[in-house]
Amino acid sequence: MQGETRKRSPRPQADRRAATQTALLTAARALFADHGYAATGTPDIVTAAGVTRGALYHHFADKIDLFRAVIEAEHAALAAAIADATVAPVDAIASLIDGGAAYLAAMHAPGRRRLLLVEAPAVLGQAEARAMDARYARASLADGVRVAQAAGALPALPEAVLTDLLDALFDRAAEAELDAQEKYLAVIQAFLQGLARGLS
C-alpha cells in the first residue's frame with residue numbers, strides 16, 4: 001500500500017506545477033497585452049496569478065523568460081489555427097488563402113496583435129522575434145508555398161523570397177482593422193492568382 005502511494009504522489013505535484021505555470025502565463029499574457037512589457041512588473045504578475053514571487057522564479061529565469069514563453073504560446077496558437085483551416089484544401093492557392101484568412105482571424109484575438117507585432121520585436125529584438133515566427137506561422141506559409149510550387153500552381157520563383165513577401169503582406173493585413181480584412185485577402189488572392197496565370 002505504501003509503495004502504491006509512493007507511485008501516485010508525483011502526479012498531484014506535477015499537476016500543481018502545471019497549474020502554477022498556467023496561472024503565471026495567463027496573468028502575464030493579460031498584463032503584457034494590456035500594459036506592455038515595460039509597464040508590467042513581476043509583482044503585478046505574481047499578484048494577478050495568485051502565486052509567490054519564488055514560484056515565478058522557480059518556473060522562469062526572469063521576466064523576459066516569462067515574456068518569451070507567452071510569445072511562444074501565442075505563435076503556437078496561431079499555427080494551430082492555420083493548421084485547422086488547411087486540413088482539406090481544395091487546391092494549393094485556396095490552401096494559402098484559407099491559411100492566411102485563419103491567420104488574420106486568429107491575430108485579432110484580444111491583445112495578440114500588440115504582443116506579436118509590437119511587443120515581441122521591441123523586447124526580444126527583430127532577429128529573435130523573426131526566428132520564433134519562422135518556427136510557427138511562417139513555417140506554415142513556407143510549406144504552403146512549397147506545396148503550391150511543387151503542384152505547379154505557383155511559378156518556380158525563389159521560395160524564401162516569395163514566402164518573405166507573402167509573410168509581409170499578411171502581417172500588414174493583420175495590422176488592419178477586422179472589417180478591412182476581406183479587402184486585404186482579396187488583394188493577396190489576386191496577387192497569387194496573377195502569379196499562377198503567369199504560368200500559362
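The values are calculated or read from the model by the stated rules, or taken from the named source; none is laboratory data. These numbers come from a predicted model, not from an experiment. Positions of Cβ are backbone-derived with ideal geometry, glycine not excepted, and every protein chain shown enters the neighbour counts. Note: areas computed on protein heavy atoms with side chains; ligands, DNA, RNA excluded. Shrake-Rupley method; radii C 1.70, N 1.55, O 1.52, S 1.80 Å.
General observations
- Distance between modelled label sites at T42 and R130, nm, 7 Å Cα→Cβ extension: 3.2 nm
- Mean Kyte hydropathy of -1.0 or more with a Cα span along the axis of at least 15 Å, helices from DSSP in the chain: 10-35, 63-85, 92-107, 137-150, 159-175, 181-197
- With the gyration tensor restricted to C-alpha atoms of the stretch 141-200, the semi-axes of the equivalent ellipsoid amount to 22, 13, 8 Å, longest first.
- Per residue, the convex hull spanned by the alpha carbons of the stretch 65-153 comes to 82 Å³.
- Protein heavy-atom surface of the stretch 1-148, 1.4 angstrom probe: 57% of the accessible area is carbon and sulfur, with nucleic acids and ligands not counted.
- When all alpha carbon pairs of the stretch 90-200 are counted in 10 Å bins from zero, the resulting P(r) reads 14, 47, 31, 9, 0 %.
- Taking the chain as a Gaussian network of alpha-carbon nodes connected by springs under 10 Å, the highest mean-square fluctuation of the residues D62, D91, D179 belongs to D179.
- When the Cα convex hull of the chain is projected onto planes of every orientation, the mean area is 14.8 nm².
- Cα centroid of the stretch 177-200 to Cα centroid of the stretch 46-98, whole Å: 27 Å
- What the Kirkwood sum gives for the stretch 22-68 is a hydrodynamic radius of 10.2 Å, with every pair of different alpha carbons counted.
- Amide N proximity, the stretch 133-176 versus R197 label position 7 Å along Cα-to-Cβ, cut-off under 19 Å: 152-157
- Full-extension gain in nm, D65 to V161, via 0.36 nm per residue minus C-alpha separation: 31.4 nm
- Charge dipole (the chain, unit charges on Cβ, about Cα centre) - positive-most of V46, A186, M132: V46
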